[in-house]
Amino acid sequence: MKLDELKLDANLMEDGAWFEYGGGLRFKIARVGNKLTQERFQKNTGLMALASRRRGGSTEKDDAAWRKIAADTIVRDWEGLEDSKGKVLKFTPKRCLDIFEDPETRHILGWVLDCAQEEEGYRKEIAEEALGN
C-alpha cells in the first residue's frame, strides 16, 4: 500500500463527507474530532468525562449529550429526507437533534457516529477522485 493511500483529507474531516444511508437519503458528516467538536469539548469539561465513558457504556444523560454534539458539530447537511407527506426537510441542527431524540429514529445517531469514525469516507484519494484529479 502506498503512503498516499493512507492520507485523510483535512477538508472532508472538517466540513464533512457524504455518506449514503439508503433510499436516496445521505448525510454530510464531519469526522469525530473536528475542530468544532473539539471546541465544544474544551468549553465543557464535563464532556471530556463523557468522551472517556463512551467506550465503556453510557447513561441516558451521556446519550443526550452525544445527540446534541452530533447534531451541532458532526452532521453538516443531508439530502433526500422528507416528511410523511413528501415535503423536503431541510437540514438544521435542531431538526437533526429532533431526529436523534425520537425513539423511533434515534438509531440513526449510531450510524452517524460510526460514519464519523470510519476512515474510508475521508480518504484523500477519494476526495481527489471526486474532483477529477
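Structure values in brief
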read-out: Tabulated pairs, the range 96-110, first in a loop (DSSP other than H, G, I, E, B), second of a type in the set (A, V, I, L, M) and surrounded by 12 or more Cβ atoms within 10 Å (Cβ to Cβ), C-beta under 7 angstrom, 6+ apart or interchain; value: 105/99
read-out: Filter result for residue 112 (touching a Cys at 6+ places or on another chain (Cβ under 7 Å), at pLDDT 95 or above and closer than 18 Å to residue 23 by Cβ); value: no
read-out: Matching residues in the range 61-77 - criterion: being within 14 Å of the chain's Cα centre (by Cα) and either over 12 Å from residue 109 (Cβ atoms) or assigned to a strand (DSSP E or B) (or both); value: 72, 73, 75, 76, 77
read-out: Top-ranked residue of the range 50-72 - restricted to ones that are under 15 Å from residue 116 (Cβ atoms) and at pLDDT 80 or above, ranked as surrounded by the fewest Cβ atoms within 10 Å (Cβ to Cβ); value: 72
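The values are calculated or read from the model by the stated rules, or taken from the named source; none is laboratory data. Bear in mind the structure is a predicted one, so any value in this text is a computation, not a measurement. Quick reminder, even Gly has a Cβ in these numbers, built from the backbone with ideal geometry, and neighbours come from all protein chains shown.
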